[in-house]
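The values are calculated or read from the model by the stated rules, or taken from the named source; none is laboratory data. Note that this is a predicted model, so its numbers are computed, not measured. With ideal geometry, Cβ positions are generated from the backbone for all residues, glycine too; neighbour counts draw on all protein chains shown.
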Amino acid sequence: MSFCVAIDGPAASGKGTIARALAARFGLEHLDTGLLYRAVGRRTLLGEEAEAASRALMAQDLAAEGLRTPEVAQAASRVAAIPAVRSALFDFQRAFAARAGGAVLDGRDIGTVICPDAPVKLFVTAAAEARAKRRYDELVAAGHDVTLETVLEDVKARDARDAERSDAPMVAAADAVLLDTTELSIHEAVARACTVVEAAGRPPL
């Protein structure tokens, strides 16, 4: 397979920021697989059935407005627990991971289901309270009227739903490198992730 970096972890752990940084540093394409589920979740909020929405998903859905709202995030977590939805999106993710130039994918089941043979696997995590504060700051900056307490409740609910679903639950792959970002700056977290990728044989650009 091509060089693939599989990054998993809960919401607001920093995995997306790390994934984008690794893609830029090592010349890899990046896919935020959570956007696939957010796009499906958004379509269900507009009245579509989840499986039908996942099979009809188009590239422009990934650029739709409102994909980062709390409502869409919760809808994404709900549809991600539906086996038929995960199955519909499986081939797209696998094909992206296999592209010739290499790829970074971040999500919940990349290292365990989508790319179990990836040469680099990271599980990025942080304390729920730290993740809630990050997400709260993002939402407030974007103009959303939320409270820190509500955001923390949402984070914990998503964690439970993602970890407890029967199909492809969020769990660290046995051979994943654990990266806890609770006390790390984004610069420190990216630096540690780069060290892991370089150790696997991928030189920076």
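Data table
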{"read-out": "Answer from GLU164, GLU188 - the residue that is exposed (fewer than 14 other Cβ atoms within 10 Å of the Cβ), of a type in the set (D, E, K, R) and modelled with pLDDT under 95", "value": "GLU164"}
{"read-out": "Residue within the range 84-94 that is assigned to a helix (DSSP H, G or I), surrounded by fewer than 19 Cβ atoms within 10 Å (Cβ to Cβ), under 18 Å from the mean Cα position of the chain (by Cα) and of a type in the set (D, E, K, R) present", "value": "yes"}
{"read-out": "Every residue from the range 45-89 that is among the hydroxyl-bearing types (Ser, Thr, Tyr) and under 19 Å from VAL146 (Cβ atoms)", "value": "THR69, SER77"}
{"read-out": "Conditions (1) in contact (Cβ under 8 Å) with a residue 12 or more places away in the chain; (2) out of contact with any helix residue (DSSP H, G or I) (no Cβ under 8 Å at 6 or more places or on another chain): number failed by ALA128", "value": "(2)"}
{"read-out": "Breaking point among (1) of a type outside the set (Lys, Arg); (2) in a helix (DSSP H, G or I); (3) modelled with pLDDT of 95 or more, for ALA157", "value": "(3)"}
{"read-out": "Unique match (being surrounded by 21 or more Cβ atoms within 10 Å (Cβ to Cβ) and closer than 22 Å to ARG202 by Cβ) among ALA98, ALA80, ALA76, ALA176", "value": "ALA176"}
